[in-house]
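The block underneath contains the structure these notes are about, expressed in C-alpha cells.
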C-alpha cells in the first residue's frame, strides 16, 4: 500500500490508559509521526523513549493555537469529558488543525455541532466520540440492520474485565452520573432513571454473565437520533466483580436520596480500592450490540454482535476508531469540514480488520425474538 505523505499526529493525554495504547498502535504505522502531549512529563518521557516520539507539555484547558501549528491531527484522549471545556477544540479550529476525541460525556458529544459553523469556516474537521461508542457501536448497527424496514429496540453494553487497567478520568466519568437522573428512551418515550440502576445480568458469551447498570452516555441520544427505534435505545455497562458492581449501586443510593451531591469527590478512594482488587476476576472484557425490529421482507428480525477481548486487550477497543481515522488521513482521506459525532462514516469492515490485527474476537449471531433484549 502506498503512503500519500507523512502526517503529524499530536496525542493529548498520551500517558493515560487509552492515550498510551493509541500511541503504541499509531507508532507502528508507516507515514505517521507522533508527538505525545500531557501534563505529566515523566510518564510521557518514558513512553516516548520506547516509541521514539517527541514530547510536548500541554494543558488542554490552557492551550494556544500556536502550540498546535504544524500538526495534521490532534487527538484528545485526556478526559474526563463530563463537564469538560472545549478549549482544545477552539484552538484546533483557530490553528486549522483537524481534531478528534475519545469523548464519552453525553453533553460534550451531543453538543459538538455547536462548533460546526466555526469548523466549516476554518476548513477543519472536529469529530467527537471516535471510540467504542458511538463510532464502533454505530458501525455494527449499520451492518446488522442495513436492510431492515424498522428498528424497535437497541441495547449496547460494555463489560471490562476486572484486571483491565483503570485511570482516574474513567472513574470520575462513571461517578459523575451514579445516582443522578439519567434520560433514557424506553417504551417509546423518554424517561429519567437513576444512574447505575441495576438492569439484571447479561450473557456476555465467553466472559460469562455480568451485572449491568444504566449509564449516562451520548449513546442514548445518538441511537434515537440516527436509528429512530420505536420502543427503546439503551446503553449499559457492568463491572466484572459482583462485589464492586453491587457495591457501587449501594453507594448510589445516598445520591439518589439527596444526601450526597455526587460520588465524584470519592474517585481517588474508590480507585485505590478497585486497584487492590485488581488481581481478582479475569482479564476478559466484552461488548454487545443487540437490535430487534422488522426485516427486509416484513419478518420479525433480531441480531446480536459480540466482542470478546481476552488477555487484557479490552482497553485497546476504545482507540480502534481513532486509529482507523489516522490511517484514513495518512492514506489521503479528506474529512468533511464541520463538527459532528463520529457516527456513520466508519464501517464495521475497516474496524473489524483492526480488531482482527489485535486478536480481539468479534462475531454476529441471530437470536430468538423472545430472548433478545431480555434483562
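What follows is calculated from the coordinates using simple rules that are stated; it is not laboratory data. Only a predicted model underlies this, so the values are computations on that prediction, with no experimental measurement involved. Note that we place each Cβ from the backbone using ideal geometry, even for glycine, and neighbour counts take in every protein chain shown.
Computed from the alpha carbon atoms alone, the convex hull of the stretch 232-375 holds 208 Å³ per residue. Could you state the number of Å between the C-alpha centres of the stretch 249-323 and the stretch 141-158? So the two Cα centres are separated by 19 Å. Just need log10 I(q)/I(0) for the chain at q = 0.10, 0.12, 0.13 Å⁻¹, Debye formula, equal scatterers on the alpha-carbon atoms, no solvent, rounded to two decimals. Result of the Debye calculation: -0.62, -0.91, -1.08. Helix 348-358 and the longest principal axis of the C-alpha atoms of the chain enclose an angle of approximately 80°. Neighbour counts of other Cβ atoms within 10 Å put 53, 128, 282 in the fewest-to-most order 282, 53, 128. With a ≥ b ≥ c the root eigenvalues of the C-alpha gyration tensor of the stretch 60-128, is it rounded (a/c under 1.5), prolate (a/b larger than b/c) or oblate? Verdict is oblate for the stretch 60-128.
For the chain, the longest principal axis of the Cα atoms and the long axis of helix 41-51 meet at an angle of about 80 degrees. Taking the Cα atoms of the stretch 101-258, the ratio Rg/Rh between the radius of gyration and the Kirkwood radius comes to 0.98. Averaging 1/r over each pair of different alpha-carbon atoms in the stretch 199-286 and inverting the result gives 15.2 Å, the Kirkwood hydrodynamic radius. Of all DSSP beta bridges confined to the chain, the antiparallel ones make up roughly 55%. Maximal additional length on extending the residue 228-residue 272 stretch stands at 11.7 nm, based on 0.36 nm per residue less the C-alpha distance. From helices alone, the chain scores -9000 deg cm²/dmol at 222 nm; the rule is -39500 (n - 2.57) for each run of n ≥ 4 DSSP H residues, then divide by the residue total. Using only Cα coordinates, the Kirkwood hydrodynamic radius of the stretch 297-361 works out to 14.0 Å.
Taking a ≥ b ≥ c as the square roots of the eigenvalues of the alpha-carbon gyration tensor, the stretch 26-67 is classed oblate because a/c is 1.5 or more while a/b is no larger than b/c. Shown here is the pair-distance distribution of the stretch 156-206: with all Cα-Cα distances grouped in 5 Å bins from zero up to the longest one, the shares run 4, 14, 19, 25, 20, 13, 5, 1 percent. Please compute the Cα-Cα pair-distance distribution of the stretch 1-159 with 5 Å bins starting at 0, giving whole percents from short to long. Values per bin, smallest distances first: 2, 8, 16, 19, 19, 15, 10, 6, 3, 1, 0. Treating each Cα of the stretch 20-91 as one equal point scatterer and applying the Debye formula with no solvent, the log10 of I(q)/I(0) at q = 0.17 Å⁻¹ comes out as -0.67. Ordered by the number of other Cβ atoms lying within 10 Å of each residue's own Cβ, fewest first, 180, 334 fall into the sequence 334, 180.
Relative to the dominant Cα principal axis of the chain, helix 320-330 is inclined by about 40°. When 147, 245 are sorted by how many other C-beta atoms sit within 10 angstrom of their C-beta, beginning with the fewest, the order is 147, 245.
Note on residue 336 and residue 39: the model spin-label points, each 7 Å out from Cα along the C-beta direction, lie 3.6 nm apart.
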